[in-house]
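For reference, the structure discussed in these notes is given below.
The values are calculated or read from the model by the stated rules, or taken from the named source; none is laboratory data. Quick caveat: nothing in here was measured; it's all calculated off a predicted structure. So basically every Cβ, Gly included, is an ideal-geometry build from the backbone, and we count neighbours across all protein chains shown.
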């Protein structure tokens, strides 16, 4: 047990060193960082403004008013922003495999996954953090909420669980490249579905979609189900307590992602490029 803790501690220290190097390399281009961050903030504002146009026309969407939808978006974006900063390059795994760059991770005396995850950071994700924090804070104030300590604690757990959920989905899809060579098209399909989930409560969709984003591609556990719990709203499937299952879903996906990654890595053969 002590040896396991030591190895885990060493792995974390090494990962943070990798991240430190990646951040320093990104900050060498500061104007690019500022322009990229600003563009992400503008894009999020435009995205949310489209929702405002929709809600202003219909007053409410399936029982959700505008500021509740802003909170829904802000909660999703908080989870997504952490993924976007540190794990977005999981979507490029197929490029490393196809072009032979993945081989470099295999010849170093360090965890292959650790090297890959610490390879880079996506500086534009910082814009998501800024916008998400502002949007959620404004929504919380305009809804006049007064959350207890346990609600804030659950909110933090739910946001972190959302990050794990999105990261693991991208990890599993990326790892499919070990067998298929290409998996990005599957990733973009999942992103399209995620875009629907981030902008609208799943109540507005049919039962088939609700079941799909709950049990098959469980992106509704990133924001929708936890928020229905925090706001005291009934969820689309009418199953009490679903919001509290976000950490459980995150844990299941983490185990599944690890299994798929190990299986793919064990059978990996170089592309020879």
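List of remarks:
- Qualifying residue in the stretch 137-155 (condition: at positive phi and over 21 Å from the mean Cα position of the chain (by Cα)): yes
- Some residue of the stretch 235-244 being free of Cβ contacts under 8 Å to residues at least 40 places away in the same chain, closer than 20 Å to residue 89 by Cα and in contact with a helix residue (DSSP H, G or I) (Cβ under 9 Å, 6 or more places away or on another chain): no
- Boolean, residue 185 is exposed (fewer than 12 other Cβ atoms within 10 Å of the Cβ) and over 16 Å from the mean Cα position of the chain (by Cα): yes
- Verdict on residue 255 being without any contact (Cβ under 8 Å) to a residue 40 or more places away in the chain, under 17 Å from the mean Cα position of the chain (by Cα) and more than 17 Å from residue 171 (Cβ to Cβ): no
- Residue ID - nearest to residue 198 (Cα to Cα), chosen from residues in the stretch 120-147 that are part of a loop (DSSP other than H, G, I, E, B) and modelled with pLDDT of 85 or more: 143
- The sole residue among 66, 102 that is at pLDDT below 90, out of contact with any strand residue (DSSP E or B) (no Cβ under 8 Å at 6 or more places or on another chain) and farther than 29 Å from residue 178 by Cα is 66.
- Every residue from the stretch 98-119 that is assigned to a helix (DSSP H, G or I), under 23 Å from the mean Cα position of the chain (by Cα) and touching a residue at least 40 places away in the same chain (Cβ under 8 Å): 112, 113, 114, 115, 117
- Checking residue 97 against (1) surrounded by fewer than 18 Cβ atoms within 10 Å (Cβ to Cβ); (2) modelled with pLDDT under 85; (3) in contact with a helix residue (DSSP H, G or I) (Cβ under 7 Å, 6 or more places away or on another chain), the condition it does not meet: (1)
- Sole residue being farther than 18 Å from residue 158 by Cα and at pLDDT 85 or above, chosen from 220, 175: 175
- Hits in the stretch 181-217 (condition: more than 19 Å from residue 75 (Cα to Cα) and assigned to a loop (DSSP other than H, G, I, E, B)): 181, 182, 183, 205, 206
- Selected residue (only one of 133, 163 is within 20 Å of the chain's Cα centre (by Cα) and more than 30 Å from residue 266 (Cα to Cα)): 133
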